[in-house]
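Asker: Quick one: this structure, given as structure tokens, is what I'll be asking you about.
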Amino acid sequence: MNSRQLLLFVLLLAVPVSAEPIVYPYLQNPTQHGVDLYWVDTNPNPVEVTWLKMKTASRSIPAPELRFQEQEEKEFPQVRSSATRFLHRVSLTGLSPSQEVEYMVHFPERPFRERFKALPTERSKVRLIAYADSETEPESTGKLAKWGTREQPDRKYLIDQTTGYRENLKTIRERQPNAILIAGDLVESGGEQRDWDEFWDQNKMIAGAIPLLPAPGNHEYWAGPRHGRYSKSGSRWAIDKYRTYFHPVGKERGSHYYRKDIGPATLLSLDSGDGLPHGGSGDSNHFLEAAGDFAPDYHPGSEQWNWLEKELGEAQRAGQFTIVMFHHCPYSSGTHGSEPGTGEGKDEQSGQPLRALTPLLMRYGVDLVLSGHDEMFERSEVEGFEITADGRQQKHIVQVYDVGIGGDGLRDPERNNEYSKFLAFHHSPEQWHLDQIVSGGRHYGHLEIDVEPTENGWKATLNPVYILPIKEGADWSFERRLYSDSLVIYQKH
Ligand SMILES: [Fe+2]
Ligand SMILES: [Fe+2]
């Protein structure tokens with residue numbers, strides 16, 4: 001071995017190569033003609049990806065945002081190597097609308113093989129599945145959510161949060177949606193790398209086949225209880241991880257807000273983390289002042305508002321089924337349904353300031369608002385008037401959902417919500433046979449959204465889904481069930 005070969009040998013040894021990637025390949029930026037594939041590894045070397053008759057090698061960039069905090073490493077010495085992580089990216093191109101392809105990532109140890117489907121044209125039917133508040137963390141394993149009743153206020157849910165989320169994801173995968181919409185609070189502590197590693201570990205069964213399209217929640221700005229909480233530096237550290245992972249529209253760094261057209265549906269995803277004035281009654285995260293320096297404002301006249309208005313106008317003219325997604329549910333029976341502020345009947349993390357968006361959503365005839373934060377299954381209706389693209393005024397209803405039942409809390413209502421039309425807690429009582437719950441009640445789940453073109457418009461079917469745990473001896477099995485609040489909306493042009 002000459003000195004050059006020796007140097008190369010030593011360099012190769014210096015790069016720790018694990019048998020498995022830290023984050024398995026996952027899809028971003030789906031279009032009618034392709035998708036971007038990402039993964040995270042400690043190995044920076046390019047890896048070949050093959051699909052159809054094409055092949056290309058990944059490009060990697062160091063991702064220092066994805067390191068553990070010093071405190072994490074001290075407290076949890078078992079965390080994975082803190083060696084530099086690299087974000088790999090490959091664009092899979094050359095597809096036709098709706099084309100299904102198999103791809104293979106040729107990792108040296110074990111190739112990764114998966115299938116995905118390009119987005120369909122505007123004149124095809126699509127399925128989307130939405131949830132929020134998965135709030136993953138290693139501590140979710142063995143942790144049962146509160147599931148109180150009036151008689152048993154301290155009752156706990158039947159299965160732990162990790163199992164609940166996993167079974168939810170399994171069901172979603174079986175339903176083969178075109179995309180998964182996550183309305184924030186993906187992880188428990190956005191600033192803790194352990195919690196993100198847990199998120200991707202849970203999602204490896206699905207994220208390589210179906211693109212995840214998220215909106216940031218307050219937990220993506222939450223550095224963690226021991227790591228700076230909502231301090232300016234803590235929130236920055238946390239949201240930087242989120243933006244490193246997600247590239248829903250193919251930008252170099254993840255967007256706080258973006259538009260994605262999926263068949264006859266248009267998704268407009270927002271960042272609701274910063275109301276104005278800071279700490280005042282208009283702040284969606286009352287006292288979450290730190291985020292104000294870099295979370296985009298959403299109030300009238302702000303860049304995000306102006307962007308949203310322009311996109312809403314375009315979606316309305318195109319006659320699309322229009323979805324606006326953001327984290328803080330503006331109409332809710334839950335704890336965050338209260339007025340913003342501190343003290344009796346007020347909430348520091350209120351969703352009410354997001355009502356500032358309602359006139360704009362109404363004006364452009366938004367069909368569906370997807371949000372979370374209150375960790376309940378609730379649908380609210382807000383009535384008003386749309387101004388159509390040709391200037392007519394017509395009655396309109398915006399359907400507002402809290403789908404925050406991804407895999408964390410299963411909360412009780414705490415207040416009256418005059419807009420509420422369906423709340424699992426009230427409208428789907430638990431039915432038991434002996435010691436087995438046989439239907440109803442609060443469970444983990446999601447909203448399934450089917451949109452199909454009709455001769456002169458579209459038809460949208462919204463089905464609230466819950467995952468019922470069934471005890472079988474010492475084990476559990478799970479069944480997909482629907483709450484009796486299926487909703488069909490038609491639009492004629
Ligand atoms: Fe949450
Ligand atoms: Fe939240």
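The values are calculated or read from the model by the stated rules, or taken from the named source; none is laboratory data. A quick note: this is a predicted structure, and the numbers were derived from the prediction, not measured. As a convention, Cβ positions derive from the backbone with ideal geometry for all residues, glycine included, and neighbour counts pool all protein chains shown. Surface accessibility is based on the protein's heavy atoms, side chains included, excluding ligands, DNA and RNA. Shrake-Rupley method; radii C 1.70, N 1.55, O 1.52, S 1.80 Å.
Asker: Mind scanning Lys395/Lys421; Lys241/Lys346; Lys117/Lys241; Lys204/Lys232; Lys125/Lys241 and naming the pairs with a C-alpha gap bigger than 29 Å? Write out the running numbers ahead of the final one.
Answerer: Details: Lys395/Lys421 18 Å; Lys241/Lys346 31 Å; Lys117/Lys241 27 Å; Lys204/Lys232 31 Å; Lys125/Lys241 34 Å.
Exceeds cut-off: Lys241/Lys346; Lys204/Lys232; Lys125/Lys241.
Asker: Let me ask something additional. Leaving out ligands, DNA and RNA, what percent of the accessible area of the range 337-447 is carbon and sulfur, probe 1.4 Å? Working shown, then result.
Answerer: Values: 2030 of 4550 Å².
Ligands and nucleic acids excluded, carbon and sulfur give 44 percent.
Asker: Another question, if that's okay. With θ set to phi - 60°, apply the Karplus curve 6.51 cos²θ - 1.76 cosθ + 1.60 along the range 264-272 and write out the HN-Hα couplings as whole Hz, x wherever there is a Gly or Pro.
Answerer: 3J(HN,Hα) across the range 264-272, in whole Hz: x, 10, 10, 9, 10, 9, 10, 9, 9.
Asker: In nm, to one decimal, how far is the Ser91 label point from the Gln176 one, both placed 7 Å along Cα→Cβ?
Answerer: Computed distance between label sites Ser91 and Gln176 equals 2.8 nm.
Asker: So what is the relative contact order for the range 380-434, in percent, with contacts set as C-alpha pairs under 8 Å and at least six apart?
Answerer: Working: 41 pairs, mean separation 18.0, N = 55.
Over the range 380-434, the number comes to 33 percent.
Asker: Turning to a different aspect of this structure: Roll a 1.4 Å probe over the protein chains and send me the accessible area per residue for the range 109-256 in Å².
Answerer: 38 Å²
Asker: Just to confirm the number: angle between the C-alpha axis of helix 193-203 and the first principal axis of the chain, 0 to 90 degrees, nearest 10?
Answerer: Once rounded, the angle reads 80 degrees.
Asker: Can you give the angle from 0 to 90° between the axis of helix 161-175 and the longest principal axis of the chain, with both taken from C-alpha atoms, to the nearest 10?
Answerer: Result, in degrees: 90.
Asker: Using packing as a proxy for protection, rank 441-448, 336-343 so that the peptide with the highest average count of other Cβ atoms within 10 Å comes first.
Answerer: 441-448, 336-343
Asker: Another question, if that's okay. What per residue convex hull volume, in Å³, comes out for the range 50-141 when only alpha-carbon positions are used?
Answerer: Numbers: hull volume 17.0 nm³, N = 92.
With only Cα atoms used, the range 50-141 gives 184 Å³ per residue.
Asker: Determine how many Å³ per residue the convex hull of the Cα atoms of the chain encloses.
Answerer: Hull volume over Cα atoms, normalised by residue count, gives 163 Å³.
Asker: In percent, how large is the relative contact order of the chain, given Cα pairs closer than 8 Å and 6 or more residues apart? Each step should come with its number before you reach the end.
Answerer: Values: 1272 pairs, mean separation 63.5, N = 493.
Rounded, it is 13 percent for the chain.
Asker: Express the relative contact order of the range 135-273 as a whole percentage, based on alpha carbon pairs under 8 Å and six or more residues apart in sequence. Before the final figure, lay out the partial values.
Answerer: Values: 238 pairs, mean separation 27.9, N = 139.
The value is 20 percent.
Asker: Hey, another quick one. Could you list which residues have their amide H under 5 Å from that of Glu339, counting only those 5 or more apart in sequence or on another chain, with H placed in the peptide plane?
Answerer: Correct list: Asp347.
Asker: Can you list the residues, at least 5 places off or on another chain, whose amide H is less than 5 Å from the amide H of Glu479, using H built in the peptide plane?
Answerer: Leu468, Ile470
Asker: Whose amide H sits under 5 Å from the amide H of Phe377, counting only residues 5 or more places off or on another chain, with H placed in the peptide plane?
Answerer: Amide H to amide H, under 5 Å and 5 or more residues apart or across chains, Phe377 pairs with Ala424, Phe425.
Asker: Let me ask something else. Among 206-212, 105-111, 259-265, how do they line up from the highest to the lowest mean number of other beta-carbon atoms within 10 Å?
Answerer: 259-265, 206-212, 105-111
Asker: At a 10 angstrom cut-off on C-beta neighbours, averaged per residue, how do the peptides 144-154, 231-241 rank from highest to lowest? Could the numbers behind the result be given before it?
Answerer: Numbers: 144-154: 12.2, 231-241: 20.5.
Averaged packing, sorted descending, gives the order 231-241, 144-154.
Asker: A follow-up question, please. Looking at the square roots a ≥ b ≥ c of the eigenvalues of the Cα gyration tensor of the range 324-476, which shape do they give, rounded for a/c under 1.5, prolate if a/b is larger than b/c, or oblate?
Answerer: It comes out oblate by the Cα gyration axes.
Asker: How large is ³J(HN,Hα), in whole Hz, for each residue of the range 135-148 in order, when computed from phi with the Karplus curve 6.51 cos²θ - 1.76 cosθ + 1.60 and θ = phi - 60°, using x for Gly and Pro?
Answerer: Once rounded to whole Hz, the list reads 6, 5, 6, x, 5, 5, 6, x, 9, 9, 5, 5, 8, x.
Asker: Specify the angular offset, from 0 to 90 degrees and rounded to the nearest 10, of the alpha carbon long axis of helix 3-14 from the longest principal axis of the alpha carbons in the chain.
Answerer: So the inclination is approximately 30 degrees.
Asker: Suppose we keep just the DSSP beta bridges with both residues in the chain; what percent of those would be antiparallel, to 5? Spell out each step's value before the answer.
Answerer: On the way: 80 of 103 bridges.
Roughly 80 percent of the beta bridges in the chain run antiparallel, per DSSP.
Asker: Now for a different question. Measure off, as a whole percent, the carbon and sulfur share of the 1.4 Å-probe accessible area of the range 20-72, all protein chains present.
Answerer: Solvent-exposed carbon and sulfur of the range 20-72 make up 50 percent of the total.
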